[in-house]
Amino acid sequence: GDDTGSGGSGDELTGRGPITIAQGKDTSGNLQRQINSWNAQHPDERVRLIELPEDADGQRQQMVQNAQAKSDAYTVLSLDVVWTAEFAANRWITRLPEDQFNLQAMLQPPVQTARYRGRLFAAPFKTNAGLLFYRKDLLQDAGVTQPPRTWAEMTAACEKVDDADIGCYAGQFEKYEGLTVNFSEAVHSANGVVVGDNGTPNVNTPQAKQGFDFLVNGLKSGLIPREAITYKEEEARRAFERGGIVFLRQWPYQWALSNKAGESQVAGKFDVAPL
């Protein structure tokens, strides 16, 4: 690319007709409801959802393969924020006309992730944050009145839970993007950074080691169940819903699914707190 950016100026966004949107599995069902509403109002521009694999790495792989084949199977891509630069640099996505998006009304950090070399290549339509899901019923029975604010408080709370068959903590620890996220959060929880303000990696610090050691020692001690090393988002969710974990690091989409009576053993028995 050059200093003018890549992917054109947005002038390519012409034409009407059927639309396909490619994203990971619609685990919440909310996107399909939005699509149904759109289709009812735009019968000549109907949207069809193409669901890609559950895990982020699998989604990216299929999107890249589709782009490299120059296929028109996907009209709109639901990109993870860390993919925007790669897809823009390779001209796999088209630059968007900024004047057609009310960017000032949006959260600015997500807007910045939608830019590449100062130009807009994506439009935020949702945001996300890791949360600490926890079994409030078990904590209440153990006399713990507040959710933990530190890993030490969480460990102490687990020691008070009178159930030897339930694991203390889990996240997404399979070798994929989810592990990178969990590692980054652990480092930041110890006041470390993965990438410094100048854009270079900076994990060779005592703070980063302290954060990483929490995960390593958690597996060694049994604080983190051994099977959690294979968890992605959905495996972690199902383990929590079976009643196998007291605390779980997870995305907000789990809230509605885990509260489904008859499908989740923990419906109405859990809450969330800041991670």
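General observations
- Selection of segment 61-100 for residues being out of contact with any strand residue (DSSP E or B) (no Cβ under 6 Å at 6 or more places or on another chain), open to solvent by 50 Å² or more (accessible area, probe 1.4 Å) and outside any loop (DSSP other than H, G, I, E, B) yields GLN61, GLN65, GLN68, VAL81, VAL82, GLU86, ASP99, GLN100.
- In segment 143-170, the qualifying residues are those that are within 19 Å of VAL266 (Cα to Cα) and acidic (Asp, Glu), and the one that is surrounded by the most Cβ atoms within 10 Å (Cβ to Cβ) is ASP163.
- Considering only residues in segment 171-214 that are assigned to a helix (DSSP H, G or I) and hydrophobic (A, V, I, L, M, F, W, C), the one that is most open to solvent (accessible area, probe 1.4 Å) turns out to be PHE212.
- Members of segment 219-232 found to be buried (at least 22 other Cβ atoms within 10 Å of the Cβ) and either small (Gly, Ala, Ser) or not in a loop (DSSP other than H, G, I, E, B) (or both), listed by number: ALA228
- Residue count for segment 112-142 satisfying the condition of being over 25 Å from LEU248 (Cα atoms) and surrounded by fewer than 17 Cβ atoms within 10 Å (Cβ to Cβ): 5.
- Residues that are touching a helix residue (DSSP H, G or I) at 6+ places or on another chain (Cβ under 7 Å) and either farther than 22 Å from ALA157 by Cα or crowded, with 19+ Cβ neighbours inside 10 Å (or both), drawn from segment 244-266: ILE245, VAL246, PHE247, LEU248, ARG249, GLN250, TRP251, GLN254, LEU257, SER258, SER264, VAL266
The values are calculated or read from the model by the stated rules, or taken from the named source; none is laboratory data. What you are looking at is a predicted structure, and each value in this text was computed from that prediction instead of being measured. Every residue, glycine among them, receives a Cβ derived from its backbone with ideal geometry; neighbour counts consider all protein chains shown. Each accessible area value is taken on the protein alone, full model and side chains, heavy atoms only, with ligands, DNA and RNA left out. Shrake-Rupley method; radii C 1.70, N 1.55, O 1.52, S 1.80 Å.
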